[in-house]
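Report on the structure given below.
Quick note: the coordinates plus some simple rules give every number you see, no bench work behind them. Bear in mind the structure is a predicted one, so any value in this text is a computation, not a measurement. When we count neighbours, we look across all protein chains shown, and the Cβ atoms used for this are built from the backbone with ideal geometry, even at glycine.
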């Protein structure tokens, strides 16, 4: 079927989606932990229609094999050094070298006596985790949402960034007085200003899909002195509560568990040596290979290969690694 024919068949269906989606809106999720509900509800409804319109546009671009480039991203360093009145909030000049940690670093997150509290930025399902993703490192977690839903400050602090920031889209960065910063990316609207003091639970903006994003979500980062840590070690996303009121930072909270690239390479080399020492021999399946052909070339049998690799039947796929001995 030609692309032109696909458009003629599927485009009318896509155009009907806003009516169907709007008819199915319900209030239960929207009303939970909301402030200024009357003001936000209209943005919430409009956001759903905008999401659908964005999907229609993306679909038509896909059919026509046209890809729109993202706004060029600012470098990580550009965002880290963007400054404000550092005299009033914890100041640092360069990113922390977490590989030098020898003892846990204690950070107080909540202090009831000083009326320093915590609020979950958004109670959504984690759709992407901290760690490697598509040949780049994902420095936070993604939380699924609808465009227009409110995003809240995690702790008290001061707004260091509130602007469009390349791949982050509309970004708010808040610096806290304990060395931490929190990043809130892909917002559809920013409700705070540079240097503004904010309290935990205050609405910073509305969720969206600006910047490098395939759909509405909140990109949430937590950084210590500029170095990103895994938010899932700080927040229990099944209850949306802090795992502890006091954080004890170790290398495992950071990228690669605090291992340097050289130590990671050594670990890979050790793993390879370990496999070799066990006498294992492996083969990567190529297109057109069969178990019978592989067995014949390597002086073994299909039965032995199936037993070694726990293969049921004789189906194998290109790229699959098979142990020969």
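Some notes on this structure:
- Ranking of 101, 161, 222 by count of other Cβ atoms within 10 Å, fewest first: 101, 161, 222
- Separation of the stretch 286-325 and the stretch 209-256, taken as the distance between their Cα centroids, equals 42 angstrom.
- Global form of the stretch 171-239, assessed from the alpha-carbon gyration tensor, a/c cut-off 1.5: oblate
- Shown for 135, 212: other C-beta atoms within 10 Å of each C-beta, ranked fewest to most, produce the order 135, 212.
- Whole-number percent relative contact order across the stretch 278-323, with pairs defined as alpha carbons under 8 Å at least 6 apart: 57 percent
- Among 240, 96, a tally of other beta-carbon atoms within 10 Å of each Cβ gives an order, fewest to most, of 240, 96.
- The stretch 76-260: C-alpha gyration tensor shape, a/c 1.5 cut-off, then a/b vs b/c: rounded
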